[in-house]
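Read the structure below first, then the notes.
The values are calculated or read from the model by the stated rules, or taken from the named source; none is laboratory data. Keep in mind it's a predicted model, so treat the numbers as computed, not measured. Here the Cβ positions follow ideal geometry from the backbone for every residue, glycine too, while neighbour counts run over all protein chains shown. Heads up: the accessible areas ignore ligands, DNA and RNA and are worked out on the full protein's heavy atoms, side chains in. Shrake-Rupley method; radii C 1.70, N 1.55, O 1.52, S 1.80 Å.
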Amino acid sequence: MSKITKKDVNSKLGKKDVLQAVVLADDFTTNLTPVQNVYPSILMPVVNVPLLDYLIETLVQSRIQELYLYCSSHIESLKKYVQSKNSDDISINLIISDGCRSLGDALRDIDTKGAIRGDFILIRGDAFTNANLKNLLELHRVRIEKDKGAAMTLLLRDVGSTNIPSLIEESSLVVADGSNNKVLFYKKLAKDEKKVKLELEWFLDHDKIEINTGLLDTHIYLCSPAVPPLFSDNFDFQTMEDFIRGVLMNEEILDSRIYWQRLDSEEYALPVTSWRAYHMLSREILQRHSYPLTPDTLSFVRNFTYLSRSTYRHRNAVLARGCVIQRDSIVGPNSMLGKDTFITRSTIGNNCIVGANVQIENSYILSNVFITDNCMIKNSIIFSNCQLDKKVNLDACILSPSVHLKSNSSYVDSVLEYESGKLNVTKISELNLDTDKELLYFTCKESKDGKDCDGYSTDSEDSSSEDDSAPASPLPDDTNMFLSEVIDSLLRGYQDGLNCENLILEINSSRYAYNVSIREVSYNVIKAILSLPLHYLSDQKSPINQANYQSTLKKMISYFFTIIQNYIKTEDAQDDCLKAMEEAATTIQELLSFMQRLLHLFYERDILSEEKILEWYELNGDNENEVQSLEIKKAVGPFIKWLKEAEEDSSDNEED
Amino acid sequence: MIVTKSENVHENVLKLIKDINFGEIKGTYDIVVATVSVLKEIITNSEWNTAKKLMDLITLNGKYLIAAIPLEASIGNMVRRILKIIREEYRSELKNKTEEADGQESLHKILTSEGDQEIDFNVSVPSLKSSLIEHINEFEAELETCSENITQQASEHIHSNEIIMTLGRSRLVEEFFKKAAATREFEVIIAEGAPFLNGHEMAVNLAKAKIKTTLISDVAIFAMMSRVNKVIIGTHTVMANGGLRAITGSHTVAQAAKHYSVPVMVLLPLYKLSPLYLRSYEQDAFNRHVAPMHGVIDGANAPLMEKIQAYNPVFDYVPPELVTLFISNTGGNAPSYIYRLLSELYQLEDYDL
């Protein structure tokens, strides 16, 4: 596939100096449905220009001379594209592999083909950047000189916070040595994850540690030639995350280290990982954050004029009278807009014909689309060659190429595509789970934001309540942790109404995790249940007083009865149970007056036997040096008396 | 840079475009010199036999250059200058050929001579090439001495104990001050020129040259203007009406100066004088809008960037009525005299290439 150009000959002479880039034409994800059926992700048009064009522009500016384009699907269109981009500045070579399904496969394939001679830049098919990659590669080389095992430098862009809706999927936690940017830990944060464990060693072994969640992976990696063989040796590396995790875990064995590099704050990069990111990228290109990669400065798309409020118009675009282009919009060459048409935050591709009185908001209309009068298009993506008849109403829709919609039809929240000649409508919200969130940028944005924020705030509350409970009980570390774990699971179980059987399983698994003996388990479970109302009440923000505590405790005991029964079976366990009650009563004032009713309850429910209670009472009596135990004794006195009487009664009955 | 290769465009032109776009050739002066040498190369090395053909060739390449780098108006100026030189040389060569004896131009002859339209550029004149090269060499020498000629005039404009304000950094203005400082003492106030803040560098350079220098932020321009005797600034281009395309902030400075009736002097090497007008502020290729991250807002604040829209234009347009005097390499000229300079420098036919 490679074309032999002058540059190619030159490069063979001076092998060392040739800078190479590998671009994966596909990113092997389906986040941008249905793009993968239409384009390889690298040819996805952003503001009317395929992503690859931007990339090539950046690479040429960075003096990269060889580009390997790795394609695994849509090979014909890529071939055609590369032929059209005949350029002296950069030689584009295609590496074709049909069966490749992941980034790992691709790199293994590249390794076997042996195209890589030195340090290279690996770019995933959805990346966009205007950074000077040559300088960054130089930095990477300096790093390699210091550390022979430096395998890769991650390029991360500091965006301040990834806790905004369009980037939330991309947020990751990076822990690095502050002095030399060596990555110690790298993890994509899942949406529902609230806790991350930080290793103590990181802090002990390094003078300076940098922990950051405001960094965005640009999907551009500066790699030493050792990277493709690493992929070959470890066939389980599928994604870049696998690779990073694998290398970090086996740093010693593989003798490879990963570094990271912050992009200059003036440089821009954003990978198109979802429709939301696509939306953000389009807007920021139009707002010129990506300068010089903007429609009016790109050398290959001439004749765009930059107008106020970030709107662009091609010289050959025709706007009829009364036509308003409000903001963040672009109208491509040979497109015609009809009378009184209103456009805001939208891109309109080449050769589109839009009728009169059409409203287009937040939408992307690719080339050769025909829209008739009085249509309303909101939050939608319309691929090329579509046709919309009069008064079509679209909201949050994605139209596959060549869809024809009849007049007066109206669609909301759908993907429209032709399947064997019939128009197929799929609800976006009903698509499989991992993609719907990405697509949802179009609708109900606000509600989602709220939810996300909540997720973060409860996180901090949880941890603080744990901290409160910790100093109250002077137990050894593991047991203490176990106790708080049990409290956590029980509280959650109670609030969410989980099955007690499942909670038992959960408690058992934490028992093994913290290596706690069975006697401690029963002790701690009871203690946890008794202190639970306090946590519950503070969670509910209701006042903690005697009445509240007692009523909640009653409810909880009946709810968790199965659990109590499960753990308090043996006599030893009963001892532990009583001890736990005593211990709890000394710390929780509200429990003290409830003590005798509690004993009664357990007695009635056959959890505690009469003998054990009396035995405990007697034993407790010996321990007079403690004021509290006296109080307890006082508190439960009437019950013991009753118990003794009852015993006498029953023995009398027996005699009878 | 993906340049669709055109058969007729000279390869050096393509190289020049690449160099400018890569930032290897920076600054108007360097661009001008590079452009002239490329055009000279075309004249010497390509095949042509008549002046007409040569002019078409230059126009073609020139148009290509201008389209590729629309912001550097001086490139267009140079193309027009070379065309004018070709016309002049051709005319004089033609005259030498026909009426060998009389080389002198009298006023009478100028008045009675017929317009250019009547001259047939299709006549082949073999000696044209050598005389052209000679003339262009002269022109190159003129370019070289251009800034020197301007700085020579420094002592005429800057007097002892004056307070002078300038904005940002201009190599020419810096030389101008240094030249004046050799013979007298004066004070310079430099507005830093946000968001690019070139003024900082300028202040350091002037302070090193033992000139009393004060660096102020742009917001203080108006407040400081009352004590300033003179404003001296550089410019990127001068439009045909005498308006300036200069770095952002220039308009502020000029308006503050107007308010306090402080004279504004603009250093103008003549290669920066363009025969183009400003049509509207939305004009294609009048301004360069760079990323707002270049000094306006912090890139490391995504939540904020999502909500706001920031603009970052590089140039200001300063209308001619705010300019008191242009100091060019041929002397001081008022903005109203620009039209005359234009007709001296360029041929009317070449205004619109």
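Observations
- Complete set of residues in segment A:273-308 that are β-branched (V, I, T), part of a loop (DSSP other than H, G, I, E, B) and either within 8 Å of chain B (Cβ to nearest Cβ) or farther than 16 Å from A:L155 by Cβ (or both): A:T294, A:T297, A:V301
- Selection within segment A:102-122: residues that are assigned to a loop (DSSP other than H, G, I, E, B) and either open to solvent by less than 20 Å² (accessible area, probe 1.4 Å) or in contact (Cβ under 8 Å) with a residue 24 or more places away in the chain (or both). The member of this set that is farthest from the other protein chains (Cβ to nearest Cβ) is A:S102.
- Segment A:316-359 - residue that is in a loop (DSSP other than H, G, I, E, B) and in contact (Cβ under 8 Å) with a residue 40 or more places away in the chain and, of those, nearest to the other protein chains (Cβ to nearest Cβ): A:D328
- Number of the exception - B:S261 against (1) surrounded by fewer than 22 Cβ atoms within 10 Å (Cβ to Cβ); (2) at negative phi: (2)
- Taking the criterion of being away from chain B (no Cβ under 14 Å), aromatic (F, W, Y) and open to solvent by less than 40 Å² (accessible area, probe 1.4 Å), the residues of segment A:33-83 that qualify are A:Y68, A:Y70.
- The single residue among B:V296, B:V290 that is within 14 Å of another protein chain (Cβ to nearest Cβ), surrounded by fewer than 18 Cβ atoms within 10 Å (Cβ to Cβ) and closer than 25 Å to A:D296 by Cβ turns out to be B:V296.
- Considering each residue of segment A:498-519 in turn, at least one proves to be touching a Gly at 6+ places or on another chain (Cβ under 8 Å) and in contact (Cβ under 8 Å) with a residue 24 or more places away in the chain.
- All positions within segment A:235-272 that are within 25 Å of the chain's Cα centre (by Cα), among the polar types (S, T, N, Q) and away from every other protein chain (no Cβ under 14 Å): A:Q238, A:T239, A:N250, A:Q261
- Those residues of segment A:284-304 which are open to solvent by 30 Å² or more (accessible area, probe 1.4 Å) and either among the β-branched types (V, I, T) or in contact (Cβ under 8 Å) with a residue 60 or more places away in the chain (or both), in sequence order: A:Y291, A:P292, A:T297, A:F300, A:V301
- Only one of B:N49, B:N8 that is surrounded by fewer than 16 Cβ atoms within 10 Å (Cβ to Cβ) and in contact (Cβ under 8 Å) with a residue 60 or more places away in the chain: B:N49
- Subset of segment B:301-323 (residues that are of a type in the set (F, W, Y) and either surrounded by fewer than 17 Cβ atoms within 10 Å (Cβ to Cβ) or not assigned by TED's automatic domain parsing to the domain that holds B:N241 (or both)): B:Y311
- Matching residues, segment B:158-197, being within 16 Å of B:G249 (Cβ to Cβ) and of a type in the set (S, T, Y): B:T166, B:S170
- Within segment A:158-177, considering residues that are open to solvent by 10 Å² or more (accessible area, probe 1.4 Å) and part of a strand (DSSP E or B), the one nearest to the other protein chains (Cβ to nearest Cβ): A:D158
- Criterion: over 41 Å from the mean Cα position of the chain (by Cα) and of a type in the set (S, T, N, Q) - qualifying residue of A:T562, A:T552, A:T570: A:T570
- Where A:V331 falls short, out of the listed (1) open to solvent by less than 10 Å² (accessible area, probe 1.4 Å); (2) farther than 29 Å from B:M293 by Cα; (3) of a type in the set (A, V, I, L, M, F, W, C): (2)
- Taking the criterion of being under 12 Å from A:Q359 (Cβ atoms) and of a type in the set (D, E, K, R), the residues of segment A:375-403 that qualify are A:K378, A:K391, A:D395.
- Residues in segment A:214-262 that are aromatic (F, W, Y) and part of a helix (DSSP H, G or I): A:F231, A:F243.
- Single unsatisfied condition, B:G199 versus (1) at negative phi; (2) surrounded by fewer than 21 Cβ atoms within 10 Å (Cβ to Cβ): (2)
- Some residue of segment A:196-208 being of a type outside the set (G, A, S) and buried (at least 17 other Cβ atoms within 10 Å of the Cβ): yes
- B:A67, sole failed condition from (1) open to solvent by 10 Å² or more (accessible area, probe 1.4 Å); (2) away from chain A (no Cβ under 14 Å); (3) under 18 Å from B:V9 (Cβ atoms); (4) out of contact with any Ser or Thr (no Cβ under 9 Å at 6 or more places or on another chain): (2)
- Matching residues, segment A:92-101, being open to solvent by 10 Å² or more (accessible area, probe 1.4 Å) and at pLDDT below 85: A:S97, A:D98, A:G99, A:R101
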